[in-house]
Amino acid sequence: MKKAMLVSAMMLTAVVGLAKDIKTAVFTTTPQMHCENCEKKIKGNLRFEKGIKSITTSIPNQTVTIEYDADKTTVEKIIQGFKKIRYEAKEVKTVPAPTSSPVSP
């Protein structure tokens, strides 16, 4: 019984220690994405940047959404990755949606 509890405790510690800090950032670019070739250029090159997990582009919204491991990279490093392919990127700061006020009884 003690052995099983010890193994369980060790596994729990390992899982907590290996947890990744995955974050999402949304960028706009200059020049703006206006075609599929722009999307391919961004996706094809940024996917090699350290810590990037996924890249989603939207031509109608002119945005690039990137999920990344915050333990391996930062928004500033991602912006540097854009510069390597001759794009200026700017992070879009989203405004939190208004929360509804609690209903009083």
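The values are calculated or read from the model by the stated rules, or taken from the named source; none is laboratory data. The shown structure was predicted, so the numbers you read here are calculated from the model rather than taken from an experiment. Virtual Cβ from ideal backbone geometry, glycine too; neighbours counted across all protein chains shown. The area values use the complete protein model at the heavy-atom level, side chains included, leaving out ligands, DNA and RNA. Shrake-Rupley method; radii C 1.70, N 1.55, O 1.52, S 1.80 Å.
Structure summary
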{"read-out": "Residues satisfying the stated conditions in region 19-59, i.e. under 12 Å from residue 82 (Cβ atoms) and out of contact with any strand residue (DSSP E or B) (no Cβ under 9 Å at 6 or more places or on another chain)", "value": "41, 45"}
{"read-out": "Members of region 40-59 that are open to solvent by less than 40 Å² (accessible area, probe 1.4 Å), of a type outside the set (Val, Ile, Thr) and closer than 19 Å to residue 88 by Cβ", "value": "44, 46, 58"}
{"read-out": "Restricting region 60-83 to residues that are touching a helix residue (DSSP H, G or I) at 6+ places or on another chain (Cβ under 7 Å) and among the β-branched types (Val, Ile, Thr), the residue that is surrounded by the fewest Cβ atoms within 10 Å (Cβ to Cβ)", "value": "64"}
{"read-out": "Answer from 3, 43, 20 - the residue that is modelled with pLDDT of 95 or more and either part of a strand (DSSP E or B) or not acidic (Asp, Glu) (or both)", "value": "43"}
